[in-house]
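Single-structure report; data block below.
Values quoted throughout were computed directly from the atomic coordinates according to the rules given, and no laboratory measurement underlies them. A quick note: this is a predicted structure, and the numbers were derived from the prediction, not measured. No Cβ is skipped: glycine too gets one built from the backbone with ideal geometry, and neighbour counts run over all protein chains shown.
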Amino acid sequence: MAKRSEISAGTGPYGSVDLNCDMGEGIGNDEYIMPFISSANIACGYHAGDEKTIWQTIEQAVNHNVAVGAHVSFFDKENFGRNEMDLESNEIYDLIMQQLLIIEEIAEGFPVKLNHVKPHGALYNMSAKDPVLAATIAKAVKDFDENLVLFGLSNSHSLTKASEIGLKIASEVFADRAYLDDGGLAPRSQPGALIEDAHRSTRQVLQMIKQKTVTTLSGKTIPIIADTICIHSDGKQAIAFAKNISEAIKKEGIGIRPPRE
């Protein structure tokens with residue numbers, strides 16, 4: 001299977017895009033998805049994973065020339081980081097810092113540097129809507145390393161607050177999730193929220209890249225910015241999604257490469 005470095009150059013009018021996946025979460029698909037992506041968001045042990053899985057996932061990413069990022073979360077393994085928590089700003093700041101220190105220490109054993117940070121689950125969704133939380137996360141990331149890229153929901157507070165302090169950002173869209181009219185992701189509990197058909201997923205991705213829009217669950221077309229596209233490794237068709245989307249993007253002459261390259 002092709003390595004990401006072999007498919008990074010874009011030849012068409014749409015330039016390039018990042019293809020990312022949440023990894024190191026114990027799903028078991030990582031090694032099969034890794035050849036098709038350009039960025040890996042690696043669980044730092046708070047919602048999933050441990051030092052061993054972080055090491056293994058970084059090793060796989062290095063072998064496939066995939067950018068390494070931290071997938072930071074609330075400390076909530078029991079609920080996979082999907083339960084909202086009411087924490088003070090200083091607690092959120094420390095939460096981010098602790099996880100970045102964990103993954104950076106392990107990454108020092110490889111010829112790689114952290115490229116990006118992406119919040120996970122409830123922390124991600126809350127920061128998209130809450131400017132105070134978004135600003136706290138952005139500050140922690142910048143204080144840790146001002147060269148890191150923050151991944152956040154397209155058109156959300158996560159990115160606005162990061163931009164205000166000069167942090168590099170990547171507007172994230174989702175290949176396997178449906179959207180609401182306000183640009184938010186449909187809750188997983190809502191019928192139709194999870195896209196499980198590979199062809200539908202590919203169509204949505206190409207629409208987001210080429211037309212800069214997405215069709216919501218209600219049928220409305222809304223604007224969206226697609227710098228990086230997420231595929232969840234725990235989806236039923238995750239491997240097929242990764243392969244199909246990668247091939248479709250290349251067919252359109254669109255490059256696949258991580259932010260900062």
Using label points projected 7 Å from each Cα along Cα→Cβ, tell me how many nm separate residue 240 and residue 51, to one decimal. 4.0 nm
Can you spot the lysines whose alpha carbon is less than 23 Å from residue 52's alpha carbon? Ignore those fewer than 8 places along the same chain. 77, 113, 118
Give me the net charge of residue 95's neighbourhood, meaning all other residues with Cβ under 11 Å from the Cβ of residue 95; Lys, Arg count +1, Asp, Glu -1. -4
Hydrodynamic radius (Kirkwood) for the chain, which is based on Cα pairs only, to one decimal in Å: 18.0 Å
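Between residue 203 and residue 163, what's the calculated FRET efficiency when r is the beta-carbon distance and R0 is 35 Å? Round to 0.05. Mind showing how you got there, number by number?
Numbers: r = 30 Å, r/R0 = 0.85.
Once the sixth-power term is evaluated, E becomes 0.70.
If one computes P(r) from the Cα atoms of the range 138-201, what percent of pairs lie at distances over 12 Å?
On the way: 1403 of 2016 pairs.
Summing the P(r) tail past 12 Å for the range 138-201 gives 70 percent.
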Among all the aspartates and glutamates, which ones have a C-alpha under 16 Å from residue 168's C-alpha, if same-chain residues fewer than 8 places away are not counted? 18, 143, 145, 146, 227, 261
222 nm [θ] for the chain, helices only, -39500 (n - 2.57) per DSSP H run of 4+, per residue, to 500? -11000 deg cm²/dmol
Towards the positive end of the charge dipole of the chain, with charges on Cβ (+1 Lys, Arg; -1 Asp, Glu), say which of 218, 56, 144 has the farthest Cα. 218
State to the nearest 20 debye the size of the charge dipole of the range 4-256 about its Cα centre, where the only charges are +1 on K and R beta carbons and -1 on D and E beta carbons. 1120 debye
Work out the charge dipole of the chain with +1 on the Cβ of Lys and Arg and -1 on the Cβ of Asp and Glu about the Cα centre, then indicate which of 44, 67, 240 is farthest towards its positive end. 240
Note down the nm distance, to one decimal, between modelled labels 7 Å out along Cα→Cβ at residue 59 and at residue 91. 3.7 nm
Report the relative contact order of the range 4-256, percent, no decimals, based on alpha-carbon pairs under 8 angstrom and at least 6 residues apart. 23 percent
Give me the number: length gained by fully extending residue 220 to residue 27, i.e. 0.36 nm times residue separation minus the C-alpha to C-alpha distance, one decimal in nm. 66.1 nm
Share antiparallel - DSSP beta bridges, the chain, percent rounded to 5: 15 percent
